[in-house]
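Trainee: Here it is, the structure in full.
The values are calculated or read from the model by the stated rules, or taken from the named source; none is laboratory data. Since the structure is predicted, the reported quantities are computational estimates derived from the model, not experimental observations. Positions of Cβ are generated from backbone atoms using ideal geometry, with glycine treated the same way; all protein chains shown enter the neighbour counts.
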Amino acid sequence: MADAWATGNSLSGTKYGLSGCGSSAALLVAGGITGSTSLSASEEMNGLTWAAGGSMAGARQYCAGYGSQTAADMVAGGKMPGPSTLLTAERYDGTAFSTGASLGGQRYQIAGCGTQSSAMTCGGSTNGTPSAHVNTTDKSNGSTWTSSGNLPYVRGSHAVSGSSSAAFACTGGDSSGTGQSTCANFNGTTWATSGAVPQALRWASAFGAQSSGVCSGGFDAALVTASYLYNGATWSTAGSLNVARHSHAAGGGVAVAGYGASAELSSIEIYGVNFPSAFGFADVAAANLSTVTTSDTVAPSGYNVTVAWTCSGGTASISGGAFASSGTINPGQTVQLKVTSSALYATAVSATVTIGGVSDTWYVTTRNAPIPQIMIM
């Protein structure tokens, strides 16, 4: 089954120009703008559930965000009004933000990728206008930034993903603010031009690796729903977003918020195979009456993102966790069901578990009534 976009739980509020990093199972988004106000707050998504994270010391938008949910950096960006451009960075440890290593120059609409200890940022604007877009590339070892090979073109509001030694940059606005389709690959030292995205875009977002990346959304002559797959050399069409959006965060394959049809968004979409292949539990026969009974353990396969599950008629445990009636499951985790058998002989009870829209019903049938013994005198 091909990857597609599926709607997830929304953020606490509308925003755009935010940054994100992590995975669909452990995602962090921070900053952005709502109305005319720059934001400092962050939110974390674990599975499909959002919770408030720590707040940055300063509000910022269109910054470079990279790392994981528990080890992330938010670098440079801008702050309203103006916007004023920033070179400062803030570092997140999963609970709170602290001061990080600053870039050598101010950047707005900058992009980056990597980890806290090995990061790359490129492009952006020195004063927030397209005429000041740059091709600068900087690398960080976690404590200091050094200049590295420049992009083969000036670019802002572009999309970048991968690692500090194998990254790709695509789309974005040139020095006149015109959207571009060009793409380039970074080997940790130098950039080389690569295949062009089928659309010339600004404010698109990207995620994934250099050899298996995705570019989604953005703005052409209008808002875009399209997504494109990258294999390190060429681009091909992928499944479209359900909601057209630009200036969204796309960390870990999750399109978060952004700007939609004349309105800021809070909605999110998750990219991947959002439902498993068919699965089944072994039914139980001849169970004792009124007895708590557990199923065999099953590991659903065929999906690659966090999905929701529910269980009716009984409860389920995910990878040995507490039994419950609903929750989320990640690829590779297991499921076990539990019911209490009937108080009657030869009677079945059942539990139905639904994972990402795929269901199986497990039956537990009690033993037959004993045959009366006839005594011959």
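Trainee: Just to be sure I understand, how many residues within the stretch 70-129 are charged (D, E, K, R) and within 22 Å of M45 (Cα to Cα)?
Mentor: So the answer is 4.
Trainee: A follow-up question, please. I'm checking my understanding of the structure. Among residues of the stretch 74-84 that are surrounded by 18 or more Cβ atoms within 10 Å (Cβ to Cβ) and of a type in the set (G, A, S), which one is farthest from S12 (Cα to Cα)?
Mentor: The qualifying residue farthest from S12 (Cα to Cα) is A76.
Trainee: Kindly check whether there is at least one residue in the stretch 97-104 that is within 22 Å of the chain's Cα centre (by Cα) and on the phi < 0 side of the Ramachandran plot. Before you say what the answer is, go through the steps one by one.
Mentor: Of all residues in the stretch 97-104, those within 22 Å of the chain's Cα centre (by Cα) come to 97.
Right, trim to on the phi < 0 side of the Ramachandran plot and you get 97.
Checking the stretch 97-104: at least one residue is within 22 Å of the chain's Cα centre (by Cα) and on the phi < 0 side of the Ramachandran plot.
Trainee: Now for a separate question. What do you reckon, is A257 surrounded by fewer than 16 Cβ atoms within 10 Å (Cβ to Cβ), touching a residue at least 40 places away in the same chain (Cβ under 8 Å) and aliphatic (A, V, I, L, M)? Even if it seems obvious, please write down each step before you answer.
Mentor: Details: surrounded by fewer than 16 Cβ atoms within 10 Å (Cβ to Cβ): no; touching a residue at least 40 places away in the same chain (Cβ under 8 Å): yes; aliphatic (A, V, I, L, M): yes.
No, not satisfied.
Trainee: Further, regarding this structure: Which is within 25 Å of the chain's Cα centre (by Cα), of a type outside the set (D, E) and modelled with pLDDT of 95 or more, of V298, V335?
Mentor: V335
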